[in-house]
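Quick notes on the structure that follows.
The numbers here are math on the coordinates, done by the rules we state, and not lab data. This one's a predicted model, so the numbers in the text were calculated from it and none came from an experiment. Cβ atoms come from the backbone with ideal geometry, glycine included; neighbour counts cover every protein chain shown.
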Amino acid sequence: MFILVNLKAYPCDPIEVATAARDVAEESGVRIAVSPQAADISRVADTGVETWAQHVDPNDYGSHTGSTLAEAVAEAGAVGTLINHSEKRMKLADIDGSVQAAERAGLETCVCANNPAQIGAVSALGPDSVAVEPPELIGGDVSVATADPGIVTDAVDSAANVDEDVDVYCGAGISTGDDVVTAEELGASGILLASGVAKADDPRAALEDLVSGL
Ligand SMILES: O=C(CO)COP(=O)(O)O
């Protein structure tokens, strides 16, 4: 299982989370990555943790003020990027452009989507992975894997029907090792989470719990 920690714009210490994630990944052998604010990518990557961007724009180099250039986040130390999110909604054509931009820059890609139908649509764009996250469960304390297990299994089927090489992750409300094991049993090969770590009093303990059943 891959554990991808999205720090969103939470007021946590990205270096504290990054060092904890690096250590827990080393100790457990579980792949863990941290996705900080773009401005923090470089110093998070310097900790040695696997670092992902939260977003890249579809554009190439050029006159694109305010854009997040895929090559720039790769140069800063990111090895992957999220694309699209319930909190950063993109048009399908722009998701396609961002997947291509990320691939051009050598970044691994994970496209987020709200439901299994959208998972099928974005799987057709050829990302490395997709993540199903029901918006109504994001930021809550009930895991998608227990609140709506069918959405995870349907997302797995939906992606496989389009492209069997696309990994499927799930997210929303995941905070415990039991949630991670349940997600794995439903066919997910990774989880995407935020508040369970970013808002935890002790991010290291939260990460240790997440990997405890793997
Ligand atoms: O949106 C998410 C990750 O991208 C999930 O957020 P929570 O883990 O806070 O529910």
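Just a few scattered comments:
- Inter-part distance where the stretch 172-200 and the stretch 30-61 are each reduced to a Cα centre, Å: 20
- Take every pair of alpha-carbon atoms less than 8 Å apart whose residues are at least six positions apart; their mean separation over the length of the stretch 2-211 yields a relative contact order of 19 percent.
- Assigned charges on the beta-carbon of Lys, Arg, Asp, Glu; the chain dipole about Cα centre (debye): 560
- Over all projection directions, the Cα-based convex hull of the chain averages an area of 10.4 nm².
- Gain on full stretching of the segment that runs from GLU208 to ALA9 - 0.36 nm per residue minus C-alpha separation: 69.4 nm
- Scaled against 2.2 N^0.38 Å for its residue count N, the alpha carbon radius of gyration of the stretch 80-179 is 1.03.
- Label-point gap, in nm, between ALA72 and VAL181 - each point 7 angstrom along Cα→Cβ: 4.4
- Compared with the alpha-carbon gap, the fully stretched path from LYS88 to ALA121 is longer by 10.2 nm at 0.36 nm per residue.
- Neighbour-count order for ILE95, ILE83, ILE15, ILE191, fewest beta carbons within 10 angstrom listed first: ILE15, ILE95, ILE191, ILE83
- The stretch 1-24 and the stretch 79-143 have Cα centres spaced 19 Å apart.
- Simple spin-label estimate for GLU103 and THR65 in nanometres, 7 Å along Cα-Cβ: 3.2
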